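Derivation of every value follows stated rules applied to the coordinates shown; laboratory data play no part. From a predicted model like this one, the values you see are computed outputs, not experimental measurements.
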């Protein structure tokens with residue numbers, strides 16, 4: 001676990017479970033002053049969440065041939081209409097189905113940290129950064 005890194009906009013290093021839990025950390029998700037969390041695996045893959053407790057987006061970076069793929073996570077059943085998620089640096093545009101509540105993001109972070117697969121209802125949209 002020592003090679004994992006968990007941070008946010010206001011803290012360079014946050015203790016990992018079981019010392020500190022994802023729900024404790026995400027309680028401070030705030031689009032005005034602490035709008036993102038990043039959990040980085042030992043291999044450099046990461047999961048990040050940005051926005052507010054009511055409206056946040058979750059993205060992941062994973063190793064692929066020749067580098068990394070960056071993907072936005074979403075719900076299989078949902079609208080593809082674009083919407084805005086507020087963040088301290090302005091925000092991001094994502095599909096409606098890619099907007100989560102913070103407790104949904106917490107579940108995804110727990111799965112990523114445990115090395116578990118994401119639920120079948122989660123889809124991935126590859127984006128170019």
| said: Taking 0.36 nm per residue of sequence separation and subtracting the Cα-Cα distance, how much length would be gained by fully extending the chain between residue 13 and residue 101, in nm to one decimal? | reply: 29.3 nm
| task | Springs between alpha-carbon atoms under 10 Å, Gaussian network over the chain: tell me which of 32, 19, 59 tops the mean-square fluctuations. | result | 19
| field | Share, in percent, of DSSP beta bridges within region 5-127 that are antiparallel, nearest 5 | value | 100 percent
| task | Diagonalise the Cα gyration tensor of region 16-74 and give the resulting equivalent ellipsoid semi-axes, square root of 5 times each eigenvalue, largest first, whole Å. | result | 23, 15, 8
| request: State, to one decimal in nm², a quarter of the convex hull surface area for the C-alpha atoms of region 13-129, i.e. the direction-averaged projected area. | output: 7.5 nm²
| query | So between residue 128 and residue 93, what do we pick up on full extension, going 0.36 nm a residue minus the alpha carbon distance? | reply | 11.3 nm
| request: Springs between alpha-carbon atoms under 10 Å, Gaussian network over the chain: tell me which of 45, 116, 107 tops the mean-square fluctuations. | output: 116
| query | So what is the relative contact order of region 5-127, in percent, for Cα pairs below 8 Å that sit 6 or more residues apart? | reply | 23 percent
| request: Mind telling me which of 95, 48, 24 comes out most flexible in a GNM of the chain, alpha-carbon contacts under 10 Å? | output: 24
